[in-house]
Amino acid sequence: ARFNAAAAYSQLGETYSSLGNLEKALQYFEKFESSMNELYELQPENVGFKNGLAASCQFLGNTHSSLGNLEKALQYYEQDLELSEELYELQPENVVFKNGLAASYSKLGETYSSLGNLEKALQYFEMFTNLEKELYELQPENVGFKNGLAISYSNLGETHSSLGNLEKALEYFEEGSRLGQELYDLQPENVGFK
């Protein structure tokens with residue numbers, strides 16, 4: 001029953017977020033995080049509860065980021081990272097956990113970039129890219145992983161460009177562009193790829 005309530009809070013938070021009501025979304029994501037934290041404390045060996053808690057931290061980070069509360073977002077992304085690293089260490093072959101860790105690196109890179117700490121952002125974007133490469137190599141037919149890798153190259157290109165490393169930026173932009181073209185060729189109707 002407690003897990004069902006947590007899932008409902010998550011779904012309500014996502015719905016309100018999609019509708020643009022971030023304050024209401026934040027309320028439900030806070031309830032989701034509180035519920036997952038209770039479940040995780042009851043059964044810390046349950047990887048599903050740990051993964052749910054990590055997801056709740058990422059939802060809270062995303063919402064705070066959208067609201068402009070970058071320092072608060074950073075706190076939640078760091079909690080998400082800690083949990084995601086633990087999950088990945090427990091099951092490094094688990095694609096879901098590897099993808100979750102990659103998302104954690106990406107969110108931290110984006111947040112540090114927004115805060116103007118480009119060196120720190122670059123570190124996280126490099127870790128994001130390394131995991132995206134691994135995911136893509138594991139499942140080259142997975143369009144989401146190919147897109148994630150393209151995004152990671154774009155992030156590296158933008159960060160290197162901001163740091164004045166234009167040759168390096170160009171390499172990453174070219175690689176991202178190549179993957180973007182492949183994605184568009186696969187799904188020309190996909191607006192995101194276009």
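The values are calculated or read from the model by the stated rules, or taken from the named source; none is laboratory data. Values in this document were obtained by computation on a predicted structure and should not be read as measured data. Methodologically, a virtual Cβ is constructed for each residue, glycine included, from the backbone with ideal geometry; neighbour enumeration extends over all protein chains shown. SASA here: full protein model, heavy atoms, side chains in, ligands and nucleic acids out. Shrake-Rupley method; radii C 1.70, N 1.55, O 1.52, S 1.80 Å.
Could you say whether any residue in the range 63-76 is part of a loop (DSSP other than H, G, I, E, B), open to solvent by 50 Å² or more (accessible area, probe 1.4 Å) and under 30 Å from Asn165 (Cα atoms)? Yes, there is a match, as at least one residue in the range 63-76 is part of a loop (DSSP other than H, G, I, E, B), open to solvent by 50 Å² or more (accessible area, probe 1.4 Å) and under 30 Å from Asn165 (Cα atoms).
In the range 123-133, the residue that is least open to solvent (accessible area, probe 1.4 Å) out of those that are of a type in the set (S, T, N, Q) and within 18 Å of Asn94 (Cα to Cα) is Thr129. Cβ separations smaller than 6 Å between residues 6+ apart or across chains give the following pairs from the range 35-49 residues that are more than 12 Å from Glu86 (Cα to Cα) to residues that are open to solvent by less than 50 Å² (accessible area, probe 1.4 Å) and of a type in the set (Lys, Arg): Tyr40/Lys50. If you filter the range 91-112 down to residues that are charged (D, E, K, R) and open to solvent by 60 Å² or more (accessible area, probe 1.4 Å), you find that the one that is nearest to the chain's Cα centre (by Cα) is Glu110.
Going residue by residue through the range 10-19, is there one that turns out to be open to solvent by less than 60 Å² (accessible area, probe 1.4 Å), in a helix (DSSP H, G or I), in contact with a Gly (Cβ under 9 Å, 6 or more places away or on another chain) and not basic (Lys, Arg)? So far as the range 10-19 goes, yes, one or more of its residues are open to solvent by less than 60 Å² (accessible area, probe 1.4 Å), in a helix (DSSP H, G or I), in contact with a Gly (Cβ under 9 Å, 6 or more places away or on another chain) and not basic (Lys, Arg). Of the residues making up the range 134-165, those that are among the hydrophobic types (A, V, I, L, M, F, W, C) and either touching a His at 6+ places or on another chain (Cβ under 7 Å) or surrounded by fewer than 16 Cβ atoms within 10 Å (Cβ to Cβ) (or both) are Leu138, Val143, Leu163. Listed by first and then second residue, the pairs with beta-carbon distance under 8 Å, at least 6 apart or on different chains, first residue in the range 93-119 and acidic (Asp, Glu), second crowded, with 18+ Cβ neighbours inside 10 Å and assigned to a helix (DSSP H, G or I), are Glu110/Ser65; Glu110/Ala121; Glu110/Asn155. Every listed requirement among (1) within 21 Å of Leu22 (Cβ to Cβ); (2) hydrophobic (A, V, I, L, M, F, W, C); (3) open to solvent by less than 60 Å² (accessible area, probe 1.4 Å) is met by Leu115 save one, (3). In the range 184-194, of all residues being over 21 Å from the mean Cα position of the chain (by Cα) and closer than 15 Å to Phe145 by Cα, the one that is most open to solvent (accessible area, probe 1.4 Å) corresponds to Leu186. Any residue in the range 170-183 that is touching a His at 6+ places or on another chain (Cβ under 9 Å) and loosely packed, with under 14 Cβ neighbours inside 10 Å? Yes, the conditions are met somewhere in the range 170-183.
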